[in-house]
Every structure is written in structure tokens, then in C-alpha cells.
Amino acid sequence: MSTRPAAMLPPPEPGFLELYTPKLVTILREGYGLRQLRADAVAGLTVAIVALPLSMAIAIASGASPAQGLYTAIVGGFLVSALSGSRFQIGGPAGAFIVLVAATVQAHGMDGLILAVILSGLMLVAVGLLRLGSYVKLIPYPVTIGFTAGIAVIIFASQVKPLLGLTLPAAEPGPLLQKLPVLWAALPGLEPAALALSAGTIVLIVGLKRLRPGWPGMLLAVAAAGAATALLDLPVATIGSAFGGIPDSLPLPSWPQFDLEKMGDVLPNAVAFCLLGAIESLLSAVVADGMTGRRHRSNCELVAQGVANIGSGLFGGICVTGTIARTATNVRAGAHGPVAGMLHALFLLAFILVAAPLARFIPLAGLAGVLAVVAWNMVERHAIAGLLRSSRGDAAVLAVTFGLTIFRDLTEAIVVGFALGSVLFIHRMSKMAAVERHSPFVQEDRADGAPDDRQPYEGAAADPDALVYRISGPLFFGAAGSIASILDRIADSHRALVLDLSAVPFLDSTAAKVIEGLARKAGRGNGRLFLAGASPEVARMLAAQGLGPPDIGFAPSTEAALEAVRAMRAGQEPKVAPDAVRTGPWHSP
């Protein structure tokens with residue numbers, strides 16, 4: 001895989017301080033005044049309203065107390081925003097960790113969980129300082145979609161008991177295949193009041209999202225469930241009856257009890273926390289970049305996540321990571337920078353100090369309704385449909401990762417999914433080599449004027465509005481991350497970006513997501529992305545992912561794409577056909 005821009009010098013390598021300077025320092029250097037503080041305060045309050053019920057619900061589903069969820073959001077959330085490599089990252093407890101945290105509590109107790117959280121924080125700091133954050137981007141897109149959907153299924157299954165108000169004769173089993181028969185046997189003990197509260201919570205959240213999308217649906221639904229429980233004296237479990245309420249202050253930091261044997265026991269759990277935390281936090285940072293056009297620093301972000309997990313563990317909290325939904329809410333609420341995330345943590349602290357006694361009325365069925373909605377939103381249905389359409393290989397990776405997440409183990413699912421993605425790439429390469437055996441992927445030097453010599457980009461260097469970028473070789477998950485970072489840096493100052501794909505034999509779903517992100521970024525800046533010389537195979541993969549006109553323009557050659565750019569500059573509609581792809585078998589120019 002190689003990339004060659006037209007007349008572009010490589011940027012200088014950044015130093016250590018540049019790579020690990022928190023974005024908080026960056027925005028303070030840019031100038032920070034009352035206007036920016038006001039924007040961050042509004043965004044911070046908006047995110048705190050969303051995070052309040054979620055933090056308690058996620059902690060309860062994880063086998064911890066609701067207070068621990070709030071401690072995680074306050075301490076971890078503050079540290080993530082203060083040290084983050086992303087301007088808009090919001091840290092806190094995440095639904096993706098419910099399965100891992102619950103299993104750790106069940107196997108090692110609460111002290112074991114807190115020790116694993118602190119160890120995972122140390123690992124994340126080490127991963128960031130060793131600059132290994134870029135390797136997280138190598139995880140194929142189908143793997144990410146598969147394990148996220150699997151986690152969503154497990155989260156929903158864990159909430160069936162509080163959703164229906166069931167009473168079990170013994171502790172609820174963790175594995176799904178053992179859990180389902182136990183829940184089925186307990187169905188005759190269904191509590192109608194709990195079912196009504198959970199169903200009402202779900203209906204209210206979904207209804208407000210459609211009718212009043214600006215309103216805090218989750219908080220209002222949980223508040224309404226709590227009011228109904230208190231006023232009607234409903235016979236359902238509440239935070240007060242199950243946990244004795246929420247303390248009205250933060251605990252003092254302390255180390256958990258541990259020894260070398262205990263550390264060895266929880267080390268696999270800490271590794272799983274570290275791996276999932278790195279994936280989730282960097283995914284969240286990428287989402288924020290896509291929404292704002294900014295760029296995060298992945299290794300700085302991992303160091304921040306590590307420090308936040310250490311801090312959360314010292315205050316008795318659970319795992320911290322970047323949360324995609326809350327980060328997106330932060331961006332949509334108009335945040336200017338990391339101060340919004342810091343204020344969100346302070347607003348949650350104010351709730352503990354002022355309104356903690358009211359939390360004892362919140363029914364567990366209402367919080368289970370919140371998590372049921374979260375689980376539904378975690379399943380990226382459009383992405384799954386696109387992967388199933390794209391190729392049997394991507395569909396197989398998705399299905400295997402999904403199945404292993406549900407029935408085996410999350411870490412095993414990621415490792416096996418990555419291995420299958422690698423095998424799939426090798427298989428595709430072997431097919432290409434078989435079909436095009438006379439056109440090697442690594443070309444020998446040629447003399448000027450030799451047959452089939454690649455032609456220069458005529459007029460590209462003189463066009464200030466267009467940037468032509470050539471990509472050579474298969475564009476797959478192993479190269480998509482580096483290509484994305486390069487293109488993201490160079491595409492800011494041009495109205496049109498032309499990707500010459502004539503030397504790309506195929507691309508996978510991860511690379512298709514990179515192209516989708518470039519198209520969205522160009523659209524936000526009133527620009528356009530053109531793909532020149534795309535083979536039918538590449539065009540089919542992009543179409544399977546739902547990518548095409550008008551978001552992306554196809555051209556049979558770079559010359560045709562540049563002509564379309566000139567037409568766009570003149571105020572005319574670019575005359576590029578949707579099916580303007582290169583015909584015939586692929587060969588390496």
C-alpha cells in the first residue's frame with residue numbers, strides 16, 4: 001500500500017510535547033473567554049442530564065452500586081476531559097463494559113474489580129506512552145460492529161429480570177445459555193407494576209426523542225418513574241430498597257486490598273478492560289472528529305483514559321472510557337472544548353451534594369428501561385445490513401465475532417475476528433494474484449515513455465481548488481487508519497479531493513468507512529469527493545455500504561474528475577455519471 005500526493009512534502013515529525021499536550025492546554029492557548037465558558041457550561045449541563053440516569057443504570061447492571069457509577073462519571077469524567085487528546089471527549093461508565101465488569105465482580109469481588117480497573121489504567125498509560133494507539137485502528141470494521149451488537153444482546157438479557165420484576169431463587173447466572181432457562185422458569189412471578197414502569201419508561205424515552213428531540217428524555221422518564229413509584233407506593237425494587245440510597249459526598253481515595261496472587265488473578269480482566277477501553281475511547285474520539293472536523297491525538301487520549309481509570313479506581317469507581325453517545329451530545333450541544341466535559345462532572349457532583357436523597361425513589365425497573373433503549377441503540381442496524389450486502393467474507397467475520405461475544409468471551413471474539421479479517425485479506429490477495437498474475441503489486445522501475453507508463457496529473461498542481469491523491473495497492477483495514485490520518489490532514493484547504501483509485505484492486509468495509517468519513521467532511525465544507533478510476537469491484541463495495549452520488553462523484557479518470565471540479569467551480573452541476581467506473585480487469589498501472 002502506498003500513497004502519493006501531487007507535489008506534497010511530508011510534514012515534520014511532531015515532538016513528544018506536541019503529541020501529549022492535552023487539548024485543554026490547546027484551547028487555553030487559543031484564547032478562552034466568557035463566551036466560550038458559557039457555551040461549555042450549557043453543553044456540560046446537557047451532558048450531565050444525560051449521564052445522570054445512565055451512570056447509575058450501567059453501574060447497577062454491572063453488579064456495582066449506583067453511587068459507584070456516579071463516582072466513575074465524576075472523577076473519571078473530569079480527568080478524561082482535563083487530559084484528553086480530543087476536544088470533545090466525554091468519559092464515564094459505558095454499556096460496553098457491563099459484561100466484563102459483572103463477570104469480574106462475580107469472580108473476584110469488588111476489591112478485585114477495583115484492582116483490575118487500576119491495573120488497566122496503568123496499562124493504558126503504558127500503551128499511550130509507547131505510541132501503540134495507532135494499532136487499535138487496525139481492528140476491522142466488521143469486528144467492531146459484531147462485538148458491539150453482541151454486547152447489546154447481553155445487556156438486554158441482563159435487564160430482563162428488573163424489566164419484568166422477576167424474583168429468582170438463586171443468583172442470576174452470567175452466561176446467556178444458562179440465564180435464559182432460569183428467567184423462563186421465573187416468568188410466572190412477573191410483577192405487573194415493574195413491567196408497567198419499564199414499559200412506560202421505554203415508551204416515554206422513544207416518544208420524546210421523536211416528538212421533542214431536544215428534551216432530556218432519559219432523565220424525564222426516570223424522574224416520572226420515580227414519582228409514580230413514590231406517589232402510588234408501588235411494590236417494586238428501588239435504589240433505596242436495594243442499595244440504601246446514594247451518599248451525599250465523594251469518598252476519600254484509597255487503595256484496594258491486594259497481593260501478588262490477587263494481581264495475577266485479575267490480570268486477564270485488566271487486559272480485557274484495557275483493550276476494550278482503548279477501542280471504545282478512540283472510536284468515540286473519531287466520531288467527535290467526524291462531527292466537528294477536528295483531529296484527536298490517539299496516544300494522548302489513551303494516557304488520559306489510563307489516568308482516569310486509576311483515579312476512578314482510587315475513589316471506588318468502575319471502568320472509565322470515552323462514551324460515543326455522550327460525546328456526540330456534547331458536540332451537538334455546542335461545546336467549545338474540554339471544559340464542557342469538566343463541567344459535566346462538576347454538575348454530577350452537585351447532584352450528589354444536593355439531591356442524593358431523591359435518588360432512593362428511583363425504581364430499578366425504570367433504569368432497566370433506560371438500558372433496554374441503550375442496548376437497542378448500540379446495534380448499528382444499517383451498518384450490519386451494509387456488511388451483509390458487501391461480501392460473504394465480511395458477513396462471516398461479523399457473524400463469528402457476534403456469536404463469540406454472546407456465547408464465549410469478548411476478548412476471544414476480538415482476537416478471532418481480527419484473525420479472520422486477516423485471513424480474508426490474504427484470500428482476496430490470492431484471488432487478485434491469480435487473476436492478474438502478469439501485473440505484480442510491486443512494480444519494477446521503468447524507463448521514461450515505456451508502454452503503459454502512468455500519466456502525470458495534467459493541471460492538478462495548478463488548480464487551487466482540487467487536490468489529487470493517488471492510492472496504490474489494496475485498501476484494507478491494515479492500511480485504512482494511516483490513509484485516513486494522511487487524507488484528513490491534507491484535505492482541509494481544498495474544495496475538492498480527487499482520489500485516484502486506478503491502482504486499487506479492492507477495498508474492504510473498513511476502508512469504505514474511511515471514504516464515507518472523507519465524503520462527509522467534504523460536504524460540511526461545501527466541497528466534494530471524487531473517486532477516479534475505481535474498478536467495478538471497488539464500486540460494488542462502496543455501493544453495498546450505501547456510498548454513491550450525490551455524496552461521492554465517480555469519474556473514469558483523473559482528467560474527467562478535474563473537469564468536473566472545474567464545472568463545479570463555474571457553478572454548474574458536475575457531469576459525472578453515477579456508474580462512471582473503469583471497466584475491464586484490474587491491472588497495476
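For the reader, a short list of remarks on this structure follows.
- Scan of region 176-196 for residues that are closer than 28 Å to Leu100 by Cβ and either in contact (Cβ under 8 Å) with a residue 40 or more places away in the chain or among the β-branched types (Val, Ile, Thr) (or both), ordered by number: Leu176, Leu177, Val182, Ala194
- Evaluating Glu380 against the criteria (1) more than 30 Å from Gly200 (Cβ to Cβ); (2) open to solvent by 40 Å² or more (accessible area, probe 1.4 Å) leaves one unmet condition, (1).
- Of the residues making up region 171-188, those that are open to solvent by less than 70 Å² (accessible area, probe 1.4 Å) and over 34 Å from the mean Cα position of the chain (by Cα) are Ala186, Leu187.
- Per-region count, region 78-126, residues farther than 26 Å from Leu404 by Cα and either of a type in the set (Asp, Glu) or in a loop (DSSP other than H, G, I, E, B) (or both): 8
- Of all the listed residues (Ala355, Ala385, Ala359), the sole one being buried (at least 19 other Cβ atoms within 10 Å of the Cβ) and either among the hydrophobic types (A, V, I, L, M, F, W, C) or in a loop (DSSP other than H, G, I, E, B) (or both) is Ala359.
- Scanning region 152-162 for residues that are assigned to a helix (DSSP H, G or I) and either out of contact with any Phe, Trp or Tyr (no Cβ under 9 Å at 6 or more places or on another chain) or without any contact (Cβ under 8 Å) to a residue 24 or more places away in the chain (or both) yields Ile154, Ile155, Ala157, Ser158, Val160, Lys161, Pro162.
- Neighbours by Cβ (under 9 Å, 6+ apart or cross-chain): first from region 543-554, among the aromatic types (Phe, Trp, Tyr); second assigned to a strand (DSSP E or B): Phe554/Phe530; Phe554/Leu531; Phe554/Ala532
- Candidate set from region 171-204 (those that are part of a loop (DSSP other than H, G, I, E, B) and among the small types (Gly, Ala, Ser)); member that is farthest from Gly217 (Cα to Cα): Ala171
- Residues of region 508-567 satisfying the condition of being in contact with an Asp or Glu (Cβ under 7 Å, 6 or more places away or on another chain), modelled with pLDDT of 75 or more and open to solvent by 40 Å² or more (accessible area, probe 1.4 Å): Glu559
The values are calculated or read from the model by the stated rules, or taken from the named source; none is laboratory data. As the structure is a prediction and not an experimental result, all values here were calculated from the model. Don't worry about glycine lacking a Cβ; one is built from the backbone with ideal geometry, like all the others, and counts go over all protein chains shown. Heads up: the accessible areas ignore ligands, DNA and RNA and are worked out on the full protein's heavy atoms, side chains in. Shrake-Rupley method; radii C 1.70, N 1.55, O 1.52, S 1.80 Å.
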